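Just below is one structure, and these are the notes that go with it.
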Amino acid sequence: MESYDLIILGGGLAGMCAAVEAGEAGARVLLLEKQDELGGSTVLSSGYMAFAGTDMQEKEGTIDSTESLMDDMIEVGGGANDPALVIAYGQHQLETYNWLVNHGIEFRSLEAVSGHSVPRGHIIDPHQAIQTLYRRVKQLSNVTILFDAPAKRLLENDDGRIDRVIYEVEGAEQTAKASKGVIIASGGFAKSEELLSQFAPQLKGALRIGGRGNYGDGLRMACEHGGWLKDLPYLNGTYGFHPTAAGPVKSQGLAFYKGAIMVNQLGKRFVNESISYKLLGKAAFEQPDCVTFQVWDQIVMDKSVHDDPLYDLQLLKRRRLLYQADTLEDLADCIDVPLDVLEETISRYNQGVLDGEDADFGRKTLTHNYGKPTPIEKAPFYAFESTVAMLATYAGVSVNPEAKVVNPFGEPILGLFAAGEVTGGFHGAGYMTGSSLGKCAVFGRIAVQVALKEVAVK
Ligand SMILES: Cc1cc2nc3c(=O)[nH]c(=O)nc-3n(C[C@H](O)[C@H](O)[C@H](O)COP(=O)(O)OP(=O)(O)OC[C@H]3O[C@@H](n4cnc5c(N)ncnc54)[C@H](O)[C@@H]3O)c2cc1C
């Protein structure tokens, strides 16, 4: 039987950060990847990472702190986050950002995104990130990556310690031994109809967008050995995708965080548009026939950000996904909502913006605590039909701040670690943009650092 110090399941951001960290520490590592390529959901993502106190923020004059980031995370998570995980993230986030930069990950720009009080969304190109980490791994002769090699089951020794992984290669089962630990980094379950119907039946009609291999394999393996699960009741889709979207590429737009309003088929607003797009998704799903539109004007359109994954509104126009009209009358006609209601909705909203008091839904900002809404008044007007997509599951295996998988009593399962989207407990009731990729890098590395301190099993 092949023997390693660590076996990592999955080659998305969490698994690849773990592989580089472990390889550079001199550990013998096997990374099993189910697909014929690396990247999972990571390479589909918009690439926002939540870090505070970075050189990029300093350059742009953004004053930020770890405390403020943690406060935002807990506020967005409705206080249901495991505070120990949030603290661990806070303690490691800036060092992790610098580690990524030092390993050649390029941070392109900074944006204000959902759930943040200041611009804190540090954007990477996720393909560049995964390829850069892969190049580093290839320089490390002590790290082996096997493709098309799904992990199937975990085995424990007589002391109850996880020390072997059964995996498959070309239809044949193999077993490899891990003397210092197994790290589950197999991502979420956005592709598993079975798990989604069990844990999130309310999302039946949502689009499914996620890594090809993300069926919750790691979740099942952890559960088999006593792992507990967290945050499942808070599973939500993400609002802002065009209903024809088959993938995230060029079919998502978050104009509401630049000042658009959201209306339903009746022409009525139904929510404070500045809240998390996860919660917007929940509200959108409760509207008649789940049909909703983002509506904005030229003032908002002028805030389009070229080549940004979420804010390139001009691109949506070029792709003919937007309705554009010179009058509200024509716009109402295009999207088939009653004109008088739409006019009344916009007039009430505009009055609220001018008064500084949105009497209907309490909107005060563009997103979270950031930015000021503007009246919708300058032609042309735009509408973007939008729906909810199940992207990332943000809930799963319960871990402690050392990335050890724990049982229902909070006790670590010996030899078993988990990092990234497969884990639960960190986001609580709501996801703050950038914290998912952030947690992959932070906890992927923590898992390795802790595991390598453990005494090897014979
Ligand atoms: C469209 C979209 C946009 C997003 N935007 C953002 C964003 O801007 N910011 C943010 O923070 N988050 C974002 N997310 C969420 C974020 O991308 C994911 O949560 C994160 O990338 C998960 O990384 P991971 O390493 O845990 O898993 P993944 O990247 O999904 O990697 C898991 C890997 O494990 C492999 N695997 C699965 N089962 C097995 C098995 N049995 N054996 C071996 N390998 C296995 C998979 O094939 C995959 O390669 C977005 C997600 C999507 C889909």
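The values are calculated or read from the model by the stated rules, or taken from the named source; none is laboratory data. This is a predicted model, so every value here is computed, not measured. Here Cβ is always computed from backbone atoms with ideal geometry, including for glycine, and neighbour counts include all displayed protein chains. Calculation scope for accessible area: heavy atoms of the full protein, side chains included, ligands and nucleic acids excluded. Shrake-Rupley method; radii C 1.70, N 1.55, O 1.52, S 1.80 Å.
Within the range 44-78, being part of a loop (DSSP other than H, G, I, E, B) and touching a Gly at 6+ places or on another chain (Cβ under 8 Å) holds for Phe51, Asp64, Ser65, Gly77, Gly78. Pairs linking a residue in the range 28-57 that is under 24 Å from Ser141 (Cβ atoms) to a residue that is part of a loop (DSSP other than H, G, I, E, B) and among the polar types (S, T, N, Q), with Cβ atoms under 6 Å and 6 or more positions apart or on different chains, are Arg28/Asn142. Considering (1) crowded, with 21+ Cβ neighbours inside 10 Å; (2) over 21 Å from Asp72 (Cβ atoms); (3) among the aromatic types (Phe, Trp, Tyr), the lone condition that Tyr311 does not fulfil carries the number (2). When the residues of the range 390-420 are filtered to those that are open to solvent by less than 20 Å² (accessible area, probe 1.4 Å), under 12 Å from the mean Cα position of the chain (by Cα) and at negative phi, the one that is farthest from the ligand (Cβ to nearest atom) is Ala395. Checked against (1) part of a loop (DSSP other than H, G, I, E, B); (2) open to solvent by less than 20 Å² (accessible area, probe 1.4 Å), Ser141 passes all but a single condition, namely (2). Mind checking which strands (runs of 3 or more DSSP E) fall wholly inside the range 146-263 and carry at least 1 residues that are open to solvent by 10 Å² or more (accessible area, probe 1.4 Å) and within 15 Å of the ligand (Cβ to nearest atom)? Qualifying strands (runs of 3 or more DSSP E): 151-156, 162-169, 172-184.
Criterion first (more than 10 Å from the ligand (Cβ to nearest atom), at pLDDT below 95 and either among the hydroxyl-bearing types (Ser, Thr, Tyr) or surrounded by fewer than 22 Cβ atoms within 10 Å (Cβ to Cβ) (or both)) does Thr387 satisfy it? Considered against the rule, which asks whether it is more than 10 Å from the ligand (Cβ to nearest atom), at pLDDT below 95 and either among the hydroxyl-bearing types (Ser, Thr, Tyr) or surrounded by fewer than 22 Cβ atoms within 10 Å (Cβ to Cβ) (or both), Thr387 comes out as yes. Test Ala429 against the criterion of being assigned to a loop (DSSP other than H, G, I, E, B), open to solvent by 10 Å² or more (accessible area, probe 1.4 Å), small (Gly, Ala, Ser) and not assigned by TED's automatic domain parsing to the domain that holds Val43, and give yes or no. So Ala429 does not fit the description; no. For Gly267, indicate whether it is surrounded by 19 or more Cβ atoms within 10 Å (Cβ to Cβ), away from the ligand (no atom under 16 Å from the Cβ), within 25 Å of the chain's Cα centre (by Cα) and on the phi > 0 side of the Ramachandran plot. Here the answer is no, as Gly267 does not meet what is asked. Filtered by the rule that a residue be among the acidic types (Asp, Glu) and touching a residue at least 40 places away in the same chain (Cβ under 8 Å), the range 410-458 gives Glu421, Glu454. Counting only helices (runs of 4 or more DSSP H) that fall entirely inside the range 280-342 and contain at least 1 residues that are small (Gly, Ala, Ser), the qualifying elements are 328-335.
Residue pairs whose Cβ atoms lie under 9 Å apart, sitting 6 or more positions apart in sequence or on different chains, and linking a residue in the range 74-98 that is of a type in the set (S, T, N, Q) to a partner that is loosely packed, with under 15 Cβ neighbours inside 10 Å, are Asn98/Asp55.
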